Amino acid sequence: MRKRTKLYAAAVGMATTGAIVLSSGGATGHGYTDLPVSRQKLCQNGTVTNCGNIQWEPQSVEGPKGFPGGGPADGSICNAGLGQFAQLSSPRTPSGGTWPATSVRGGQSYSFRWQFTASHSTTDFKYYITRQGWNQNRNLTRADLNLTPFLTVPYNNQRPPSSLSHSGTIPSGLSGRHVIVAVWTIADTSNAFYACSDVNF
C-alpha cells in the first residue's frame, strides 16, 4: 500500500511539473491600442455592438510576427488571422455602418497609446498607414498600405508597463478616411499583436 501511495504521489508531482512547464511556454502578454481608438476597443467599450467575443478580449488579437513580410494574410490583418475576430477586418461594422474614426491632421504630433493586460518581452512597436486612394470597400491588404512604418519604437526586449504612449507625427499628404495598423512584436515568441484604428483627415 505504501509503495502504491508513493507511486501515485510521484505521478501527481510529475503531472503538476509538466503543467507548469507547459503553461510557462505560452505568451503571457496581451494588449491593444486605445489612442487612436482601435476597432477592438470600440467593440469592448460598446461604441460598436454585435462584435462577438472580441468585446470581452480586445487584448487578444495575436498572430504571427514578421509583418509585412510575414504575419497575417491579406484580408485578415486587422484580426491577426483569427477567425473568431474576423469582424475586425471587415470594412463595415457588424451592424453595417462605417467604423467610427478619430479626427487627425497631417503633420500633427500625436500620442499613440497601448494598454496591456499583461507584460511581455518586446522587440518593438511599429505603425503603418493606408496609402492615398486605397480601396476602402474590401478587407485591408498590404497593397492598401504604405509598407514602410511611419513610426518605429524599439523596445530592446524590455517589458512594457500597463499603459505605454509613443509620441509620433501623423503622416502628411493624406486626406479622407484611412486606417492605422499598429503592431506590437513580442521578443521571445513567434507572435505579435495587431490593432487597426480608423482615422479621418
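At-a-glance table
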| quantity | calculated |
| --- | --- |
| Enumeration of residues in segment 83-117 that are in contact with a helix residue (DSSP H, G or I) (Cβ under 8 Å, 6 or more places away or on another chain) and not β-branched (V, I, T) | Q84, F85, Q87, L88, P94, W99, P100, Q115, F116 |
| Qualifying residue in segment 94-109 (condition: modelled with pLDDT of 95 or more, closer than 19 Å to E62 by Cβ and of a type outside the set (K, R)) | no |
| Given (1) touching a Phe, Trp or Tyr at 6+ places or on another chain (Cβ under 8 Å); (2) part of a strand (DSSP E or B), number of the condition S175 does not satisfy | (2) |
| Residues (in a helix (DSSP H, G or I) and closer than 29 Å to P161 by Cβ) located in segment 61-88 | Q84, F85, L88 |
| Residue selected from segment 111-131 under the condition at pLDDT below 95 and not in a loop (DSSP other than H, G, I, E, B), by the criterion surrounded by the most Cβ atoms within 10 Å (Cβ to Cβ) | T117 |
| Residue tally, condition surrounded by fewer than 12 Cβ atoms within 10 Å (Cβ to Cβ) and assigned to a strand (DSSP E or B), over segment 94-110 | 2 |
| Where L151 falls short, out of the listed (1) in contact with a His (Cβ under 8 Å, 6 or more places away or on another chain); (2) among the aliphatic types (A, V, I, L, M); (3) not in a strand (DSSP E or B) | (3) |
| Qualifying residue in segment 152-160 (condition: in contact with a strand residue (DSSP E or B) (Cβ under 7 Å, 6 or more places away or on another chain) and within 19 Å of R39 (Cβ to Cβ)) | no |
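The values are calculated or read from the model by the stated rules, or taken from the named source; none is laboratory data. The structure displayed is predicted, hence computed values, not measured ones. Using ideal geometry, Cβ is built from the backbone for each residue, glycine included, and neighbour counts are taken over all protein chains shown.
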